């Protein structure tokens, strides 16, 4: 039974690729993106569960990126490599702090298209994996905590999107993605008036991602 399901799924993918995924061989997707939410875990290595679960929420994050895709074989199943740049910081005037992060996810994805009758519109789904690089940016009383160590994260993602052909080699694309981007950093204050040991943080950018941009095909 499982073999039959696998065979049917493979035939469906081949059929979808042949029905509609564009006649082009490669494409570049220039995009802007919006992320609903993220968290900075302040004590990720604490033995106490309550302390380990304490985090600073950061919402409404914007960024941009580029996504390069190629069609594979006659089935035109797409393989893509994408790089995003995400950054957000927020101030707390009462505590005289500014806290945030910069993240750079690098991801490989596979895509397949759902057959529809409208030749100008394409609907696709995809999944993949990525490496997540970044650092926390934290300052107190205008003193920046320097970065002394960082560890990248690894994870998977799922996505879906719509392409709309506007003119020859140009396509408008909207895309919805879900992933749990994370990484760890170690920072330390070096100013003489702030006595602080190195502190570890974990950044999780786990909100829903909305992407919109223009695709150039060739």
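Taking segment 89-122 as the range and being closer than 21 Å to residue 59 by Cβ and either surrounded by 12 or more Cβ atoms within 10 Å (Cβ to Cβ) or touching a strand residue (DSSP E or B) at 6+ places or on another chain (Cβ under 7 Å) (or both) as the test, the residues that pass are 89, 90, 91, 97, 98, 99, 100, 101, 102, 103, 104, 105. Quick check on segment 89-97. Is at least one of its residues part of a strand (DSSP E or B) and within 21 Å of the chain's Cα centre (by Cα)? Yes, because at least one residue in segment 89-97 is part of a strand (DSSP E or B) and within 21 Å of the chain's Cα centre (by Cα).
The strands (runs of 3 or more DSSP E) found wholly in segment 99-170 and carrying at least 1 residues that are over 22 Å from residue 42 (Cβ atoms) occupy 121-140, 153-167.
The C-beta contact set for segment 76-93 (first residue without any contact (Cβ under 8 Å) to a residue 12 or more places away in the chain, second residue part of a strand (DSSP E or B) and surrounded by fewer than 19 Cβ atoms within 10 Å (Cβ to Cβ), distance under 6 angstrom, 6+ apart or interchain) comprises 91/98. When residue 190 is tested against (1) in a strand (DSSP E or B); (2) within 27 Å of residue 51 (Cα to Cα), exactly one condition is not met: (1).
Is there a residue in segment 159-181 that is more than 21 Å from residue 30 (Cα to Cα) and touching a residue at least 60 places away in the same chain (Cβ under 8 Å)? No, segment 159-181 contains no residue that is more than 21 Å from residue 30 (Cα to Cα) and touching a residue at least 60 places away in the same chain (Cβ under 8 Å).
For segment 36-59, the count of residues that are touching a residue at least 60 places away in the same chain (Cβ under 8 Å), touching a helix residue (DSSP H, G or I) at 6+ places or on another chain (Cβ under 9 Å) and not in a loop (DSSP other than H, G, I, E, B) is nonzero.
Say whether the condition of being surrounded by 13 or more Cβ atoms within 10 Å (Cβ to Cβ), at pLDDT below 95 and over 13 Å from the mean Cα position of the chain (by Cα) is met by at least one residue in segment 173-184. Scanning segment 173-184 turns up no residue that is surrounded by 13 or more Cβ atoms within 10 Å (Cβ to Cβ), at pLDDT below 95 and over 13 Å from the mean Cα position of the chain (by Cα). Any chance segment 134-146 includes a residue that's on the phi > 0 side of the Ramachandran plot and surrounded by fewer than 16 Cβ atoms within 10 Å (Cβ to Cβ)? For segment 134-146, residues on the phi > 0 side of the Ramachandran plot and surrounded by fewer than 16 Cβ atoms within 10 Å (Cβ to Cβ): present.
The values are calculated or read from the model by the stated rules, or taken from the named source; none is laboratory data. Just so it is clear, the model here is predicted, and its values are computed rather than measured. Reconstructed Cβ throughout: ideal geometry from the backbone, glycine too, with neighbour counts over all protein chains shown.
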